[in-house]
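The values are calculated or read from the model by the stated rules, or taken from the named source; none is laboratory data. If you're wondering where the values come from, they're calculated on a predicted model, not measured in any experiment. Positions of Cβ are backbone-derived with ideal geometry, glycine not excepted, and every protein chain shown enters the neighbour counts. For accessibility, only protein heavy atoms count, side chains too; no ligands or nucleic acids. Shrake-Rupley method; radii C 1.70, N 1.55, O 1.52, S 1.80 Å.
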Amino acid sequence: MSGLKERFLFACAPDSWGVLDYPGPSWEQSYEKMLAEMVEAGYTGTELGPYGFFPTDATVLKPQMEKRKLKLLGSFVPVKMTDPAAGKAAIERIRKVGNLLATLKAPFLVMADDQSVERNAYSGRVYEKGCPTLTAAQWKHVGNIVADAEKVAQEFGLDLVFHPHVATYVETPEECERFYDVTSHTKIGLCLDTGHCVYGHGDSVKEAEKYKDKLRFVHIKDCNNAVLEEARRNKWTFEEAIEHKVFTVIGKGNIDFPAFFRTLIKNGYAGWSVIEQDVKFGATEIPPKDSVAASLRYLEGVMNQLSVAAKA
C-alpha cells in the first residue's frame, strides 16, 4: 500500500458550494473565488459542475485553471435517458459539454439519468409500492442512448462513465445491474458515488467490489443515516433531504471510508476521487471552503492510517 498519496488524488466540485444543476442564486457566486478556495483547501483538481456555471469559453476558463494549477477532470451531465423523444437533445448536450471538456483535456464525461418529479417523490424509497419503474422498451432505449453517447465521447477522447443517482430511474443496486445488462454492448464505466449509493439502499463497499472491472471514477460523499431514515419516514424529496443536511463533511457521517478504500486498494484502483457535500446554497453551518478543507484532511488521515497498517 505504499505510495497511497500518489495513487489516490482528491478533487473538489462546485456542488459543495451549493451550485445546483440549473441556473439560480447559487450560480451568482464568483467562480474565481471558488477556484481560489479549492486551492487554499489543498485541492489540485475539480469538476466542471453544471454546464454554464464556469465559463463555457475555453479561452477564458483554461488560463483560470492553469494559473491555479488545477486539473479539470470532467463534468456531470444528466440527460433524459428514458425518453426516446429526448434522445436527440441528450446527444446534443453531451456533444456540447464534451467539446469543452476535450479542449481543456479533461478525461471523464459523467453521464446520469436526469432527475424526474415522479422518481424524486420516491427518493430513497424505490422499493415501496407505487414507485414508477422503467418498461422493457424504455430500458432498451437506455441501451441505445448510451451507445450513441459513447460514440460522441470517443470522438472527443473522453472516458464515458455512468453515475447512479438519487431521484432518477437508476438509483438502487438492482437498477444499476439492469443498466449494465442493457449497456453490455458498450464499454461505459462506473462513477460510484458513495452517498447516492447509500441513499439508494446500496453498500458502497459491496458495489465497489461488484463493479471492480468497471469502476473508473469515484465521487466521495458522506451520509448521516439518521437524517436519511427521517427522509424516508417523512417522504422527503432529494432536495428536502439535502436541506436537512443528509450529507455531511466527509468523516462526520456513517460511511466506512477506511473499508471503502481498502476495497479500492485491493482491486487496483488508482486515480481521482471527487469530494462532494451537496448543500443548500446559503444554508451551510460552516463556510464551504472550511467544509471541503476538513473533508480533505480526514481522507488524507485515512490514507495515512492505511499506509501505517500496511507497514505493521
Can you find a residue in region 275-287 that is more than 19 Å from the chain's Cα centre (by Cα) and either of a type in the set (Phe, Trp, Tyr) or under 25 Å from residue 162 (Cα atoms) (or both)? no
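What residue, of 86, 136, is free of Cβ contacts under 8 Å to residues at least 40 places away in the same chain and farther than 24 Å from residue 22 by Cα?
136
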I'd like the full set of residues that are buried (at least 21 other Cβ atoms within 10 Å of the Cβ) and in contact (Cβ under 8 Å) with a residue 60 or more places away in the chain, limited to region 98-121. 98, 108, 110, 111
Looking only at region 7-23, decide whether some residue is within 22 Å of residue 196 (Cα to Cα) and of a type in the set (D, E, K, R). yes
Quick one: would you say residue 307 is touching a residue at least 24 places away in the same chain (Cβ under 8 Å) and in a strand (DSSP E or B)? no
Residue hits (region 24-49; within 24 Å of residue 99 (Cα to Cα), of a type in the set (A, V, I, L, M) and either assigned to a loop (DSSP other than H, G, I, E, B) or touching a Ser or Thr at 6+ places or on another chain (Cβ under 8 Å) (or both)) are 35, 48
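Within region 266-288, how many residues are surrounded by fewer than 18 Cβ atoms within 10 Å (Cβ to Cβ) and out of contact with any Lys or Arg (no Cβ under 6 Å at 6 or more places or on another chain)?
11
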All-but-one check, residue 291 against (1) among the hydroxyl-bearing types (Ser, Thr, Tyr); (2) closer than 30 Å to residue 183 by Cα; (3) part of a helix (DSSP H, G or I), failing number (2)
Looking at region 83-97 only, could you name the residues that are open to solvent by less than 20 Å² (accessible area, probe 1.4 Å) and in contact with a helix residue (DSSP H, G or I) (Cβ under 7 Å, 6 or more places away or on another chain)? 87, 90, 94
Mind listing just one residue for me: the one in region 149-188 that is over 22 Å from residue 120 (Cα atoms) and in contact with a strand residue (DSSP E or B) (Cβ under 7 Å, 6 or more places away or on another chain) and, of those, surrounded by the most Cβ atoms within 10 Å (Cβ to Cβ)? 149
For residue 52, work out the one condition from (1) in contact with a His (Cβ under 9 Å, 6 or more places away or on another chain); (2) part of a loop (DSSP other than H, G, I, E, B) it doesn't fulfil. (1)
Which ranges mark the strands (runs of 3 or more DSSP E) fully within region 143-261 that have 3 or more residues being under 27 Å from residue 288 (Cβ atoms)? 189-193, 215-220
Can you confirm whether residue 72 is surrounded by 16 or more Cβ atoms within 10 Å (Cβ to Cβ), within 20 Å of the chain's Cα centre (by Cα), under 16 Å from residue 14 (Cα atoms) and modelled with pLDDT of 95 or more? yes
Being touching a residue at least 12 places away in the same chain (Cβ under 8 Å), crowded, with 24+ Cβ neighbours inside 10 Å, under 21 Å from residue 12 (Cα atoms) and charged (D, E, K, R) narrows 221, 245 down to just 221
Among the residues of region 125-148, is there at least one that is within 22 Å of residue 232 (Cα to Cα), of a type in the set (Asp, Glu) and open to solvent by 10 Å² or more (accessible area, probe 1.4 Å)? yes
Within region 171-187, take every residue that is touching a Lys or Arg at 6+ places or on another chain (Cβ under 8 Å) and touching a residue at least 40 places away in the same chain (Cβ under 8 Å) and give me the one that is nearest to residue 87 (Cα to Cα). 182
